[in-house]
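Following: one structure in structure tokens, then a few remarks.
Values in this text are rule-based calculations from the coordinates and carry no lab data. In this text the structure is predicted, and so the values were computed from the model without any measurement. Methodologically, a virtual Cβ is constructed for each residue, glycine included, from the backbone with ideal geometry; neighbour enumeration extends over all protein chains shown.
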Amino acid sequence: MYVGPTLPRYEPVLLEPGVQVHPPIRHGDLFDAAVRDGDTVVIIDGVYHQAPALRHKEILNAMGRGVPVIGAASIGALRAAELDAFGMLGVGAVYTSYVRGVITGDDEVAVGQAPGGRESLTWPLVNLRHVLGLARAAGIVDEARAEWLLAALRGVYYPQRTTAAVRAVCQRQGETEFAGWLAEQRGRDLYFGDVKRLDALAAVRAALAGRGPTGAPPSPVTWDSSYFRGWSNHFARSVVAGVELWTQDRVVYQQVFDGDFRERWADFLAHRSRHPACGGEGLPLLERLQRAGGMLPAHRVFHPALDLRDEATLAMLLGGETRDDRAAVARYAEARAAYRQERPGAAAVSGDVARRVLLQIWRCRPTALDAEASGRGLISGAYAIEVVKRLVPGFLAEAREAVATKDREVADGGR
């Protein structure tokens with residue numbers, strides 16, 4: 001379950017056996033290996049301002065491999081309204097309002113969050129809309145005044161829509177009776193008017209009762225694309241000998257440093273030509289090349305998309321990987337993280353530096369860079385330069401350390 005400010009962490013339902021609580025969901029979370037077949041995912045809260053938001057195709061992928069997904073209250077309700085036709089289950093009043101078009105924007109459920117994403121600091125519009133409906137039913141405001149006040153409250157930027165700001169808007173609009181009534185209701189019940197909380201509780205209970213989606217999972221054609229494969233590869237991780245490594249780092253390291261990788265890539269192309277990953281006609285590689293004109297080598301013509309979660313693909317691409325390689329990948333990842341931390345907001349490694357590093361490692365002339373990159377599965381020199389940037393901080397750190405070690409050895413030898 002992905003939840004943050006909508007439900008307090010001490011909410012009893014979150015302590016039920018089988019409920020695993022995760023922070024508000026963000027782009028990439030559903031690629032986590034912790035989301036296993038047989039689980040039911042409940043999406044309540046998510047991030048979208050301070051980090052990339054959860055993409056629709058990530059949800060479709062999870063459902064496509066048999067993981068039921070329920071959404072409610074916040075971004076969960078919004079995504080469920082967008083994906084219910086594909087099998088995502090929406091629960092609650094907020095979801096229903098999105099489906100019916102009563103509300104449309106994500107600003108309706110957005111709130112300012114305290115650090116850590118566990119506490120709401122502001123009022124979401126959907127709760128204010130619900131409270132004004134209750135006030136109308138109680139005879140505190142009429143329909144016209146409620147609409148006028150809602151428009152004024154919508155004009156307050158969501159991270160600034162605090163209780164004090166709501167009170168100030170009411171005073172400016174002359175709605176002191178409503179402000180007093182709301183304060184009185186909130187004094188009696190801290191959760192008065194909190195429709196998001198009610199919907200979230202209903203979603204958790206639905207999951208615990210086994211009332212998840214029951215339809216067939218969506219066809220992969222609805223979510224599988226080059227963008228999706230890029231995200232999937234970006235978030236792919238593996239644990240080897242107790243160390244968690246980014247799979248993309250491991251493959252790129254082999255493409256750059258393994259002297260035998262050209263042969264390994266040629267074998268992979270021959271295999272993929274006979275066994276296309278996304279369907280299509282399987283052909284011997286020579287026949288495929290002849291159909292393409294037969295004038296260029298395979299690595300210049302045939303560029304199959306990589307799926308770094310496919311075990312057969314990894315077995316071929318990482319066939320030459322050693323324990324020392326994996327240790328280097330871990331060091332390079334640490335160096336990259338340190339580089340980014342030391343330069344917050346700065347540009348990435350420059351293309352000129354990455355190009356010089358590649359030419360040094362491959363010991364090739366600039367005019368041969370395209371051919372060398374393509375032969376290693378990196379398509380072109382320009383693409384290889386972008387890819388190798390993830391390794392450059394680690395490579396340069398090791399080069400500096402090697403120079404420093406040599407200088408110390410020279411100094412020690414002169415004594």
Note the full-extension length gain between Glu143 and Ala368 as 0.36 nm times their separation in residues minus their Cα-Cα distance, in nm to one decimal. 73.7 nm
Between Glu281 and Thr104, what is 0.36 nm times their sequence separation minus the Cα-Cα distance? Round to one decimal in nm. 59.4 nm
Could you calculate the FRET efficiency of Asp189 with Arg65 from 1/(1 + (r/R0)^6), where r is the beta carbon distance between them and R0 is 35 Å, rounded to 0.05? 0.25
Per principal axis, descending, Cα span of the chain in whole Å: 85, 65, 41
What list of ³J(HN,Hα) couplings, whole Hz, do you get for segment 147-156 from phi and the Karplus terms 6.51, -1.76, 1.60, once you set θ to phi - 60° and write x for glycine and proline? 5, 5, 5, 4, 4, 5, 5, 5, x, 8
Hey, what number do you get for the chain at 222 nm if only DSSP H runs of n ≥ 4 count, each worth -39500 (n - 2.57), divided across all residues, to the nearest 500? -15500 deg cm²/dmol
The helix 125-137 Cα axis meets the longest alpha-carbon principal axis of the chain at an angle in degrees, between 0 and 90 and rounded to 10, of 10 degrees
Taking amide H atoms as placed 1.01 Å from N in the peptide plane, list the residues 5 or more away in sequence, or in a different chain, whose amide H sits under 5 Å from that of Gln113. Leu121
Footprinting proxy, Lys196, Lys389: sorted fewest to most Cβ within 10 Å, the residues are Lys389, Lys196
Using a Förster distance of 30 angstrom, determine the FRET efficiency expected from the C-beta separation of Arg331 and Phe302, and round it to 0.05. 0.35
For the Ala53, Arg408 Cβ pair and Förster radius 45 Å, calculated FRET efficiency rounded to 0.05 is 0.35
Segment 125-195: D in µm²/s via Stokes-Einstein (Kirkwood Rh, Cα pairs, 25 °C, 0.890 mPa s)? 204 µm²/s
Residues meeting the amide H criterion for Arg237 (H placed from the backbone, H to H distance under 5 Å, 5 or more places apart or on another chain) are Thr247
From the backbone phi of segment 179-196, what are the Karplus-calculated ³J(HN,Hα) couplings (6.51 cos²θ - 1.76 cosθ + 1.60, θ = phi - 60°) in whole Hz, Gly and Pro given as x? 4, x, 4, 5, 4, 5, 5, 5, x, 7, 9, 4, 9, 4, x, 7, 5, 5
HN-Hα J couplings of segment 365-380 from phi, Karplus 6.51/-1.76/1.60, θ = phi - 60°, integer Hz, Gly and Pro as x? 6, x, 5, 9, 4, 4, 5, 5, 5, 4, x, 9, x, 9, 6, 7
Counting each pair of different Cα atoms once, what's the Kirkwood radius of segment 236-403 in Å, rounded to one decimal? 17.1 Å
Spin-label pair Ser350/Val35, simplified geometry with 7 Å Cα→Cβ offset, distance in nm: 4.0 nm
Using amide H atoms built in the peptide plane, which far-off residues or other-chain residues are under 5 Å from Gly46 H to H? Ile25, Ile75
